[in-house]
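Here is the structure we will look at.
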Amino acid sequence: MFRNFVETLRHQKNPLTKVFACAVAVGFVVLPILIIGFLDYQRMDAGYESLAFSRRETVAHLTAELVKEKIDHLINLGVSLATRVQFRKFIHEGKWNDAFKIIANTPKDFPALERVSLISPAGVLMASSPDISDLIGRNFSERDWYGGVSQQWKPYISEVFRGATNQNSVVISVPILSDDDKVLGILNLQILTETVLKWIEGITIGAEGFVYLVDQKGHLVAHPKFSPKGDVVDFSSVPLVQKVLNGEGGIEVQYNEIEREERLAAYEPISGYGWGVVVTEPVKTAFIYQEEHARFLLKIYSILFIINLLLGLFTFSVFFALNKELKEKKHE
């Protein structure tokens, strides 16, 4: 085929036709390189994008499992304390102080706890450690934790609130029940959100990615860019947070109005507790490996393109030189 093309080209009289024919021939040499490069880039780009999405979904899922495990552990601790026989006996007899002495050292034994408190069935604070004497006897039935635990008299983790020490906290409330399931009181285990932040601070994703937690109202429980000692921050307007609070999980690219940038974010509800996990990263860094790979492929195929172009031009320059030489010999 190439030999026929050469013979046809040799017999062309019009120089423009020859130039055009040579350009077409060179194109046949170079075009496959361009096509292969484009298809390879498309395949690798899709693979890296899929990997980026999958990795962040996995981190969101594992973080949700980690936080759930931490909450489960604290609830089990609360249930263990609330079901002690002598402890329940004292409360049943109205001996709140005697009952509290049994659990008073719990914050020292479990540093994750900021405070442990005893609450009456009506929501009145009966005892607390560390001591907050000025609040003893106050009714806290308006608090979220009371509404949550009293709804079905089952363990409940509260939304974020400002505690007595002016620090953001959450409470795990465990009902204290008699053997016949009569409500004797409530045991509260209070945890600083600063402690919750430590649960997730070692989890990173990408160059600028991070993980944050929201409570059942969409308030930040833990976020590396917001101080756990500052005001409670409301993220309920963030579309991804709304989805995770509805029990949805997934991953997508969205513009975050609060952080004012386009982000790739995976989200996962924390089963059984109403909280949610969001793993988020700016789009500009989330796909950095794709961009680096694209630049690498561009360099490789640019080099191959130039090499093939030069080879094609060299081949046809040799052809023209030989053709010219043959013509000169014919005229001799």
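Per residue, the average separation of C-alpha pairs within less than 8 Å and at least 6 apart gives the stretch 60-162 a relative contact order of 13 percent.
Computed over the stretch 190-251, the Cα gyration tensor eigenvalues convert (square root of 5λ each) into semi-axes of 18, 16, 11 Å, ordered from largest to smallest. The simple spin-label model puts a point 7 Å past each Cα toward its Cβ; for D180 and Q152 those points are separated by 2.5 nm. Of F161, S178, G148, whose Cα points farthest to the positive end of the dipole of the stretch 147-231 (charges on the beta-carbon: +1 Lys, Arg; -1 Asp, Glu; origin at the Cα centre)? Looking along the dipole axis, the top candidate is F161. Protein heavy-atom surface of the stretch 69-114, 1.4 angstrom probe: 52% of the accessible area is carbon and sulfur, with nucleic acids and ligands not counted.
Taking 0.36 nm per residue of separation and subtracting the Cα-Cα distance, what length does fully extending E93 through E261 add? Let's see the in-between values first.
Values: separation 168, 0.36 × 168 = 60.48 nm, distance 5.88 nm.
Gain on stretching E93 to E261: 54.6 nm.
At each listed q (0.11, 0.13, 0.22 Å⁻¹), what is the log10 of I(q)/I(0) that the Debye formula gives for the stretch 88-190 modelled as equal alpha-carbon point scatterers? Once normalised to I(0) and log-transformed, intensities are -0.29, -0.42, -1.28. Accessible surface calculations at 1.4 Å, restricted to protein heavy atoms, place the stretch 134-237 at 45 Å² per residue.
Near G148, within a Cβ-to-Cβ distance under 12 Å, what is the net charge of the other residues, with Lys and Arg +1 and Asp and Glu -1? Don't skip to the answer; put the middle values down first.
Values: positive: R143, K154, K217; negative: D144, E159, D215.
Value of the local net charge: 0.
The values are calculated or read from the model by the stated rules, or taken from the named source; none is laboratory data. As the structure is a prediction and not an experimental result, all values here were calculated from the model. Here Cβ is always computed from backbone atoms with ideal geometry, including for glycine, and neighbour counts include all displayed protein chains. What goes into the accessible areas is simple: the full protein's heavy atoms, side chains included, and nothing from ligands, DNA or RNA. Shrake-Rupley method; radii C 1.70, N 1.55, O 1.52, S 1.80 Å.
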